[in-house]
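Right, one structure below, let's go through it.
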């Protein structure tokens, strides 16, 4: 690292004078120390696995859309306690189960709505409002796997318009 704080090798992001975060292909490294000639002590923080990322992303996406833990549990086909454990990191979705595919659709629903309407309040209002093209409120449709797929496909088609 040179005097002005830029990295000579790798990509470094200055978070505070004593903490640097280096992102490499194999993981995330956190360096603690002070700038200058001091020796840095690297601590390796492993990259989270896909199950952890999807589990937390699903709970966060549902929260941003105003979907309660109970309704998210209905959507995924798991218990409300399981959704609560997902949020706290004590449960990760399994890639070979149907809940994985449904969680991917929930995150896709959030990403599509976010790109179309631009904010969480508008996304919540869209979910709660009657939709003539879908023939019902999207928040009611997404409680079934078929309805969730229909809503996501509708949003995908809306996003694709020029």
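Taken together, the values in this text are just the output of simple stated rules run on the coordinates, not laboratory data. These numbers come from a predicted model, not from an experiment.
Gain on full extension, evaluated as 0.36 nm per residue between residue 145 and residue 131 minus their Cα-Cα distance, stands at 3.2 nm. If you model region 50-159 as an ellipsoid using its alpha carbon gyration tensor, with each semi-axis the square root of five times an eigenvalue, the axes come out at 22, 14, 13 Å, biggest first.
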